[in-house]
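Participant: Take a look at this one; I'll ask things after.
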Amino acid sequence: MGFLAAEPAPAQSVERVILNAAFWPDIEPGECREAMRLDGTVTPARLRSALVESAGHVNGQLAAWRRLREAEGHKTLADISAEHVDGESINVARYRRAVHCSAAAILVERLRNFDATGKSATHAAQQRTDAMADDYRREALWAIRDIQGADRTLIDLI
């Protein structure tokens, strides 16, 4: 007879919505948990902390863009004329993706720092974790740049 290990179940508690600044949509922790495939090892408190930090970061990255839209008379991100996909403004979906991916990057880095003891951490595992965090950050940046209508690639000549 063999042993079958199951992945931890998702957190059972109902996670409260994170109220955002008036212009931006509120953040549903459960949506992030599902979209980013976060299991029960990510506690509600850790997820909330990462989402709050991520929303603040994304809001800051989009602050100048938001001020321009507010000057045009838009009260919320959803008010701005944009394509609708699956019944929702693509800008709202992109904002959510930016926050979720940014939070996932934070969580991946925290997990690495928590798990990386001298014996258990291998160089290859740390490189994979670093690459995963970088991938999440890239996705967040692309979502932010898509909202701004900017190119995804930044190139500086040295």
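The values are calculated or read from the model by the stated rules, or taken from the named source; none is laboratory data. Given the structure is predicted, the values throughout are model-derived calculations rather than measurements. All Cβ positions, even for glycine, are placed from backbone atoms using ideal geometry, and neighbour counts span all protein chains on display. Calculation scope for accessible area: heavy atoms of the full protein, side chains included, ligands and nucleic acids excluded. Shrake-Rupley method; radii C 1.70, N 1.55, O 1.52, S 1.80 Å.
Participant: Hey, among the residues in segment 42-59 that are within 14 Å of the chain's Cα centre (by Cα) and of a type outside the set (A, V, I, L, M), which one's farthest from F23 (Cα to Cα)?
Facilitator: Among residues in segment 42-59 that are within 14 Å of the chain's Cα centre (by Cα) and of a type outside the set (A, V, I, L, M), the one farthest from F23 (Cα to Cα) is R46.
Participant: May I pose another question? Step by step: first the residues of segment 16-66, then only those that are of a type in the set (A, V, I, L, M) and loosely packed, with under 14 Cβ neighbours inside 10 Å, then the one that is farthest from G149 (Cα to Cα). Which residue is that?
Facilitator: Residues of segment 16-66 of a type in the set (A, V, I, L, M): 17-19, 21-22, 27, 35-36, 38, 42, 45, 47, 50-52, 55, 58, 62-64.
Narrowing further to those that are loosely packed, with under 14 Cβ neighbours inside 10 Å: 17, 19, 21-22, 45, 63-64.
On the way: V17: 28, L19: 26, A21: 22, A22: 22, A45: 34, A63: 14, A64: 13 Å.
Ranking the qualifying residues of segment 16-66, first place goes to A45.
Yes/no matrix, rows are residues, columns are (1) assigned to a helix (DSSP H, G or I); (2) modelled with pLDDT under 95; (3) touching a strand residue (DSSP E or B) at 6+ places or on another chain (Cβ under 9 Å):
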{"residue": "V14", "(1), (2), (3)": "no, yes, no"}
{"residue": "A21", "(1), (2), (3)": "no, no, no"}
{"residue": "L47", "(1), (2), (3)": "yes, no, no"}
{"residue": "A64", "(1), (2), (3)": "yes, no, no"}
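Participant: At pLDDT 80 or above, touching a helix residue (DSSP H, G or I) at 6+ places or on another chain (Cβ under 6 Å) and open to solvent by 50 Å² or more (accessible area, probe 1.4 Å), is that true of R138? Before the answer, list the steps.
Facilitator: Values: at pLDDT 80 or above: yes; touching a helix residue (DSSP H, G or I) at 6+ places or on another chain (Cβ under 6 Å): no; open to solvent by 50 Å² or more (accessible area, probe 1.4 Å): yes.
No.
Participant: Of A98, A104, which residue is in contact with a Phe, Trp or Tyr (Cβ under 8 Å, 6 or more places away or on another chain) and modelled with pLDDT of 95 or more? Write out each step before concluding.
Facilitator: On the way: A98 fails: in contact with a Phe, Trp or Tyr (Cβ under 8 Å, 6 or more places away or on another chain).
When all the criteria are applied, what remains is A104.
Participant: Residues of segment 67-98 being exposed (fewer than 12 other Cβ atoms within 10 Å of the Cβ), in contact with a helix residue (DSSP H, G or I) (Cβ under 9 Å, 6 or more places away or on another chain) and under 21 Å from S54 (Cα atoms), which ones?
Facilitator: none
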